[in-house]
Amino acid sequence: MNELETKELRENILLGLNIAFQRLIKEKKRNNSELAFSNKGRVVRVKATEL
């Protein structure tokens, strides 16, 4: 892979991750659920409606 192909692949992967995360948030909001994140080594739970 050359540099241009690597850059395009990276952009596509990041776009896919962003789309998947937005779908996850949408689903969690629909089910009134929470998401769990790590913040400085601690688990933090956040209501999807707060995002």
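Remarks
- Within the stretch 3-50, the percentage of alpha carbon pairs spaced more than 16 angstrom apart rounds to 55%.
- Amide H contacts under 5 Å for Ser33: Ala48, restricted to partners 5 or more places along the chain or on a different chain, H placed in the peptide plane at 1.01 Å from N.
- Computed from phi, the 3J(HN,Hα) profile of the stretch 35-49 under the Karplus parametrisation 6.51, -1.76, 1.60 (θ = phi - 60°) reads 10, 10, 10, 9, 10, 6, x, 10, 7, 10, 9, 10, 5, 4, 5 Hz, with x in place of Gly and Pro.
- Charged neighbours of Asn32, selected by a Cβ distance under 14 Å, balance to +3 (K, R count +1; D, E count -1).
- Under 22 Å from Lys47, Cα to Cα: lysines that are on another chain or at least 8 residues apart: Lys26, Lys28, Lys29
- Between the residues Leu17, Val46, Thr6, the greatest Cα displacement towards the positive end of the dipole of the chain, with unit charges on the Cβ of Lys, Arg, Asp and Glu, is found for Val46.
- In the chain, trypsin sites (Lys or Arg not before Pro) in a DSSP loop with at most 16 other beta-carbon atoms within 10 Å: Lys40
Each value in this text was obtained by applying a stated rule to the coordinates, not by laboratory testing. These figures come from a predicted structure and were not determined experimentally. No Cβ is skipped: glycine too gets one built from the backbone with ideal geometry, and neighbour counts run over all protein chains shown.
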